[in-house]
């Protein structure tokens, strides 16, 4: 029986973590582990409200024809995340279409999808998308509660820093840190009496792992959400015009790109140009908490007139590691600093939570009863 209850608790903890990931992913505009669709454009593969496992593009490998991808659309639904299938690869990008649509997205106003726009790929074990029916309804309700909570917190604190995607990420992170600090203070200051009683099958390691996962999730969101590809559209014209983005063919023009940090932890941002006609200087910048910095982006217009899209990919990391170490890890792979920072945060929080909950299974407490007398009376089992 104990094993069955322990398994049930593990399932409940996993469900909470996965639901939290979905809520955070949809609220932050970046799929985290799971995502879902809200329209019928992908029927019958995905019904409205169906969820699916979303593999980040950075680890999913090259996109292939037949993949169902989540990408940042420019025109569809007014821009934003769209989940459609890749039906063709061209030199200009991917041609996408909803399974229920008779025409491709590129038959309309949406330009071909670039690799930089793809944020996740739906997991297809055995060739078919793994569908998680009906998860979207729960996520939509939870997200509404989160939005309401953010507005109340913003009103109470008198600041808008906790609003929006990055505000939610820092709010989740700060709430979790606050929980640990308060719990540690109460655990150290409170006088506790424990007696040996019947064991419950709840393993504290499950709760420690769940809270640690929330910390890692919030920290990862704080780094991933504000980053990603940034598009710069350039019109190569026969003559220059006032303002940026309309550049005389064959020449270049520089624009300032602001890098803001609305959180309470300093960050380090790196920039990777995905076009030989877009360069940035400097290629990395440290941004203190609650401040902003700017970098200069130079955009070159091709010799032929027309509209061109250039992409600059930003990678952002919490500055909790020495800058030289972040530089070295980033030089190997952009995801390595995130893994290192998550590991640095996860270890202490997990150990602290284990200390607060105990090292063994959770035991019930008894106050005002003599343990020796209870044993003699046969009250302890």
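The values are calculated or read from the model by the stated rules, or taken from the named source; none is laboratory data. Computed from a prediction, not measured in an experiment: that's the story for all the values here. Heads up, the Cβs are rebuilt from the backbone with ideal geometry, glycines too, and the neighbour counts pull from every protein chain shown.
Here the condition is being outside the structural domain of residue 313 (by TED's automatic domain parsing), at pLDDT below 70 and assigned to a helix (DSSP H, G or I); of 222, 187, 209, 218, it holds for 187 alone.
Quick grid of which residues meet (1) at pLDDT 90 or above; (2) closer than 17 Å to residue 131 by Cα; (3) surrounded by fewer than 19 Cβ atoms within 10 Å (Cβ to Cβ):
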position: 21; (1), (2), (3): no, yes, no
position: 27; (1), (2), (3): no, no, no
position: 36; (1), (2), (3): no, yes, no
position: 42; (1), (2), (3): yes, yes, no
position: 69; (1), (2), (3): yes, yes, no
position: 87; (1), (2), (3): yes, no, yes
position: 96; (1), (2), (3): yes, no, no
position: 100; (1), (2), (3): yes, yes, yes
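Residue count for region 228-239 satisfying the condition of being in a strand (DSSP E or B) and over 30 Å from residue 336 (Cα atoms): 5.
Just wondering, is there one or more residues in region 102-118 that are in contact with a helix residue (DSSP H, G or I) (Cβ under 8 Å, 6 or more places away or on another chain), touching a residue at least 40 places away in the same chain (Cβ under 8 Å), surrounded by fewer than 22 Cβ atoms within 10 Å (Cβ to Cβ) and in the same structural domain as residue 42 (by TED's automatic domain parsing)? Looking for residues that are in contact with a helix residue (DSSP H, G or I) (Cβ under 8 Å, 6 or more places away or on another chain), touching a residue at least 40 places away in the same chain (Cβ under 8 Å), surrounded by fewer than 22 Cβ atoms within 10 Å (Cβ to Cβ) and in the same structural domain as residue 42 (by TED's automatic domain parsing), one finds at least one in region 102-118, hence yes.
A count restricted to region 51-67 and to residues that are surrounded by fewer than 20 Cβ atoms within 10 Å (Cβ to Cβ) and more than 28 Å from residue 272 (Cα to Cα) stands at 1. Kindly indicate whether residue 337 is assigned to a helix (DSSP H, G or I), more than 22 Å from residue 218 (Cα to Cα) and outside the structural domain of residue 268 (by TED's automatic domain parsing). Judged against the criteria, residue 337 is not a match.
So that you can scan it fast, the table gives a plain yes or no per residue for (1) assigned by TED's automatic domain parsing to the domain that holds residue 72; (2) within 22 Å of residue 59 (Cβ to Cβ); (3) surrounded by fewer than 16 Cβ atoms within 10 Å (Cβ to Cβ); (4) modelled with pLDDT of 90 or more:
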residue	(1), (2), (3), (4)
277	no, no, no, no
283	no, no, yes, yes
289	no, no, yes, no
295	no, no, no, yes
314	no, yes, no, yes
341	no, yes, no, yes
347	no, no, yes, no
354	no, no, no, no
357	no, no, no, no
